[in-house]
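Contents: one structure, followed by commentary.
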Amino acid sequence: LKGRGVDVDPKGVLSINPTTGVIKVHRKVDFEKYKVLMLTFQARNKSNSAIDTQLGMEVNILDINDNPPVFPRKVYDVSITEATKQGSFVVGVLAIDNDAPGTLNSTIDYKIISVTPRTKNAEFYLQDSGTISFKGCLDYEVANKYTITVEAKDRGEVVKLSSTATVIVNIIDGNNHPPVITGQTGSGKVLEETTGISPLVIHTRDGDTPNTAAWRALYSIQGDKGGHFSIRTDPETNDGILTVVKPLDFEKQAQQSITVSVENEEPHYSCEVKERPTDGLWTIINHSAKKSTQSINITVEDVNEPPYFSEPVRKIVVEENGAVGAFVDKVTALDPDTHRLNKLEYAIKQDPAGWVTVNPTTGEVFVKESFDRESSHVTNGTYTVTVIVTDKDNPKMTSTATLQIYVEDKNDNVPLLKDSEVSVCQSEEISSTEITAYDLDGDPYSGPFSFELIGDVKEEWNFDPSHGNTVHLVKHKSVYPGQYTLMVKISDKQGTFVLQNLSVAACDCLVSPSCLVQRNVQKRVGSGVFGTAIFASLLVFALLLLSLTCSCGAVKSLAQVEDVSEDALLSYNIEKPGTDCMVPTALLNTIDTQSKEAFLAYNGVQNTGDVHQVSTQNFSPHSPLVQSNGFWSIERSQYNSHETSTWKQSLYRRDSHYQGAELSRKTSQRNQNMYSISRSALQSLLLLRLHSLQSLENELLDYEPHLYALEDISVNFEDLDPIELPNNEFNPELLSDLGPVFRNLASIVTWRKAEQQK
């Protein structure tokens with residue numbers, strides 16, 4: 001015999017007598033583990049042990065009731081509300097029996113053995129399925145917890161096995177006690193026009209468990225038509241706090257009557273057992289609770305209320321530049337205190353430009369100063385004024401009204417150029433620059449504008465297009481480099497126009513992108529460089545006083561002209577090479593290196609009080625010197641190697657045998673570049689000029705004078721200013737007393753001539 005129960009687990013259960021074939025059982029077999037034992041039976045021949053017969057055999061194990069029903073949990077803990085209706089599911093219990101299914105050994109019956117405490121109002125029962133429910137009414141105040149013992153027993157034929165479990169049912173207090181208002185505290189008085197005040201506190205009693213939904217009170221207000229009150233619950237005391245949320249008006253209603261009612265957050269529940277039949281659920285009665293209410297009277301106390309404007313914001317229209325004293329508008333304020341005879345007084349609270357005034361009694365507003373729509377106080381054409389009214393009661397109360405005054409625009413402004421100085425590139429082709437105009441007036445008294453050039457300049461300049469806010473000023477090929485002043489007529493849409501000068505600089509843009517930058521570069525100089533230049537000038541002046549010891553021959557007298565305030569043509573009687581005056585070497589060596597470098601590095605003009613200093617980089621050795629207001633000025637020339645500027649220029653020609661005349665003209669309308677220097681700084685400039693003349697003459701050869709027939713040159717000089725020569729005679733003696741500066745210059749020249757003679 002082989003198989004399960006012999007040589008396969010469970011081993012040693014069965015055995016067979018090898019001679020008789022009797023099978024015996026040696027020990028128990030657990031049905032829950034091995035319900036069938038599968039075996040193989042063999043019969044062998046004794047002589048040769050050959051298998052004579054082989055059979056399969058099954059041994060069925062019969063179950064006995066050896067397993068009691070078992071609950072998954074020993075204790076079941078659940079909670080239900082007091083208002084749970086009878087017959088509702090409370091908890092389900094289920095036991096498991098491991099005996100053979102479908103037999104009496106595994107069939108389970110459930111039974112409630114005990115319930116603690118036992119109450120008259122409720123009875124728990126257990127259904128066959130293991131579901132626990134109850135009959136009647138739960139009452140938290142009677143029992144807030146039930147302990148139930150449940151038994152599960154099988155139906156074994158020989159013996160019945162069982163087990164028990166404990167079910168704990170916790171009762172949550174329900175709202176079976178309605179809240180009741182017991183009274184109120186507080187003055188019950190409220191000042192009119194005030195909020196946030198609590199005149200009353202409502203007190204309430206509730207028999208349910210504190211701080212639960214069944215205990216917390218919810219208050220409501222009836223009869224508050226204006227919505228003036230609100231009520232909230234104090235979380236600690238459960239009292240209702242009445243609060244004013246909207247101002248009350250004594251003049252409208254001095255007494256307010258309202259009703260306050262209370263209920264709980266959880267709906268009220270009432271249950272009463274009427275009959276207890278043997279079968280089925282009990283008969284119960286549900287009672288609906290009535291809300292507890294309280295009537296409240298609130299007294300409104302009078303206070304002085306501020307006056308108010310029926311129209312706090314008014315929009316009106318006023319003409320620009322209107323007559324002073326003209327009527328603007330009338331503001332009217334009302335006093336809500338009708339039983340008081342208060343006097344109202346009007347005043348201007350906010351008037352940024354001071355354009356209006358108000359009658360303090362009637363509230364009529366008048367023009368104090370004419371309105372200007374282009375003023376900075378006017379925003380988008382609207383000027384805002386605030387009027388304040390004050391009553392004379394104690395305490396004084398005020399209120400304000402806003403006047404939004406729209407100012408009607410008038411054509412009281414002419415169009416103007418945005419930039420009165422522009423530059424245009426000089427080229428062989430036609431070039432242009434943008435011209436922009438603006439008008440402080442609004443539409444239709446502003447742009448787009450019409451542009452027109454006044455004068456006979458159509459061959460040189462024109463606008464293209466000539467209409468718009470921004471147009472192009474076109475320069476023709478016939479215009480030479482220089483500074484020009486054009487008269488421009490600018491007209492707005494209504495024909496109002498203005499004549500305005502436009503300064504135009506024509507220059508080579510390959511050298512500088514803007515002529516205006518070149519003209520104004522001298523104005524941007526740091527204060528540190530200016531201070532260094534002042535120090536250097538003073539040092540040089542001191543050295544000159546100590547070092548000017550040279551002497552030269554007599555200086556030729558000059559043909560002199562009239563001493564006029566304007567520039568003049570000075571005729572010189574020099575028709576031969578100049579003297580080879582040398583700057584004394586000792587004099588040059590005495591110049592401090594730092595002072596000289598600072599002076600040479602000084603670029604542009606720096607205005608410090610009464611003294612303007614000039615840069616040596618911008619100073620030409622041939623620039624004419626003019627004395628004015630105690631200072632010397634240098635008129636800067638604009639020239640190059642090929643052509644001469646037609647505006648504010650110095651016409652200059654020179655070789656080793658000829659020194660020509662210098663032409664200069666000072667015109668305030670054309671902004672001559674004049675640079676003023678102090679007398680102390682002039683010493684250094686003179687030395688630099690002499691030194692440059694000396695270097696230039698050393699490079700040139702002397703040759704006979706050459707006559708230039710200027711009248712035959714086919715060059716158009718129409719753009720040059722005319723030269724006016726004085727008709728009256730000039731006293732040469734006036735040039736003999738030019739001050740110590742020219743005496744020093746003369747001494748240097750005399751010293752050089754003496755050296756040559758030696």
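The values are calculated or read from the model by the stated rules, or taken from the named source; none is laboratory data. These numbers come from a predicted model, not from an experiment. Don't worry about glycine lacking a Cβ; one is built from the backbone with ideal geometry, like all the others, and counts go over all protein chains shown. Please note that ligands, DNA and RNA were not included when accessible areas were found on the heavy atoms of the full protein model with its side chains. Shrake-Rupley method; radii C 1.70, N 1.55, O 1.52, S 1.80 Å.
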Item checked: Long-range HN-HN contacts of LYS330 with modeled amide H, under 5 Å -> VAL365
Margin query: 7 Å from Cα along Cα→Cβ at both LYS330 and ASN211: what's the point-to-point distance in nm?
Written below: 6.8 nm
Notebook entry, point to check: Which sequence of SER376, SER310, SER163 reflects their accessible areas, 1.4 Å probe, from the largest down?
Noted result: SER376, SER310, SER163
Notebook entry, point to check: Once the other residues with Cβ under 10 Å from the Cβ of GLY363 are scored (Lys, Arg +1; Asp, Glu -1), what is the net sum?
Noted result: -2
Notebook entry, point to check: Highest mean first, what order results for 495-505, 147-157 on Cβ atoms within 10 Å?
Noted result: 147-157, 495-505
Check: Between GLN756 and LYS392, what length in nm is gained on full extension when 0.36 nm per residue of separation is reduced by their alpha carbon distance?
Finding: 120.6 nm
Note to self: Restricting to Cα pairs below 8 Å that are 6+ residues apart, what does the relative contact order work out to for the stretch 150-221? Please round to a whole percent.
What the structure shows: 27 percent
Next item on the list: Two decimals is fine: what's Rg over Rh for the stretch 195-270, C-alpha atoms, Kirkwood radius as Rh?
Entry: 1.05
Check: Do you know the relative contact order of the stretch 186-322, to the nearest whole percent, from alpha carbon pairs under 8 angstrom that are 6+ apart?
Finding: 27 percent
Check: Between the DSSP loop rule and a limit of at most 16 other Cβ atoms within 10 Å, which GluC sites (Glu not before Pro) in the stretch 423-466 are left?
Finding: GLU428, GLU429, GLU459
Check: Whose amide H sits under 5 Å from the amide H of ALA217, counting only residues 5 or more places off or on another chain, with H placed in the peptide plane?
Finding: none
Check: What figure in square angstrom, to the nearest 10, would you give for the accessible area of LEU104 with a 1.4 Å probe?
Finding: 80 Å²
Next item on the list: Provide the per-residue ³J(HN,Hα) series for the stretch 248-255, in order, calculated from phi with Karplus coefficients 6.51, -1.76, 1.60 and θ = phi - 60°, each as a whole number of Hz, with x at glycine and proline positions.
Entry: 9, 10, 4, 5, 7, 7, 7, 10
Notebook entry, point to check: Residue by residue, what Karplus-based ³J(HN,Hα) values in Hz, rounded to whole numbers, does the stretch 152-159 have, using 6.51, -1.76 and 1.60 with θ = phi - 60° and x for Gly and Pro?
Noted result: 10, 10, 8, 10, x, 6, 7, 9
Notebook entry, point to check: To the nearest 10 Å², what's MET57's accessible area with a 1.4 Å probe?
Noted result: 60 Å²
Checklist line | Per-residue ³J(HN,Hα) for the stretch 97-113, Karplus 6.51 cos²θ - 1.76 cosθ + 1.60, θ = phi - 60°, Hz, x for Gly and Pro | finding: 10, 7, 5, 4, x, x, 9, 5, 5, 10, 7, 10, 10, 9, 7, 7, 7
Checklist line | Extension gain, ASN342 back to ASP109 (0.36 nm per residue minus Cα-Cα distance, nm) | finding: 74.4 nm
Notebook entry, point to check: Cβ under 11 Å from PRO415's Cβ, PRO415 left aside: what net charge do those residues give with Lys, Arg +1 and Asp, Glu -1?
Noted result: 0
Next item on the list: From largest accessible area down, sort SER295, SER114; use a 1.4 Å probe on the protein chains.
Entry: SER295, SER114
Note to self: Starting from the 7 Å offset along Cα-to-Cβ, what nm value, one decimal, do you get for the label separation of MET38 and THR485?
What the structure shows: 12.9 nm
Note to self: Check which residues have an amide H placed less than 5 Å from LEU248's amide H, if you skip close sequence neighbours.
What the structure shows: GLU193, THR194
Next item on the list: Just add up the charged neighbours of PRO69: K/R +1, D/E -1, any other residue whose Cβ is under 12 Å from the Cβ of PRO69.
Entry: -1
Note to self: Could you tell me the calculated FRET efficiency between ALA254 and THR384, based on Cβ-Cβ distance and R0 = 30 angstrom, to the nearest 0.05?
What the structure shows: 0.15
Checklist line | Neighbour cut-off at most 12 other Cβ (10 Å), DSSP loop, trypsin sites (Lys or Arg not before Pro), the stretch 61-119 | finding: ARG73, LYS74, ARG118
Check: Any idea what Rg and Dmax come out to for the stretch 1-121 if you just take the C-alpha atoms, in Å?
Finding: 26.2, 90
Margin query: Could you work out how much longer the chain between SER162 and LYS120 gets when fully extended? Use 0.36 nm per residue separation minus the Cα distance between them, nm to one decimal.
Written below: 12.1 nm
Checklist line | Order of exposure, largest accessible area first, which applies to LYS135, LYS392 with probe 1.4 Å | finding: LYS392, LYS135
Notebook entry, point to check: In the full protein assembly as shown, how much of ARG216 is accessible to a 1.4 Å probe, in Å² to the nearest 10?
Noted result: 90 Å²
Check: Based on the Cβ-Cβ distance of ASP77 and LYS274, what FRET efficiency does E = 1/(1 + (r/R0)^6) give at R0 = 25 Å, to the nearest 0.05?
Finding: 0.20
Next item on the list: Determine, for each peptide in 269-282, 378-391, the mean count of other beta carbons within 10 angstrom over its residues, then list the peptides with the highest first.
Entry: 378-391, 269-282
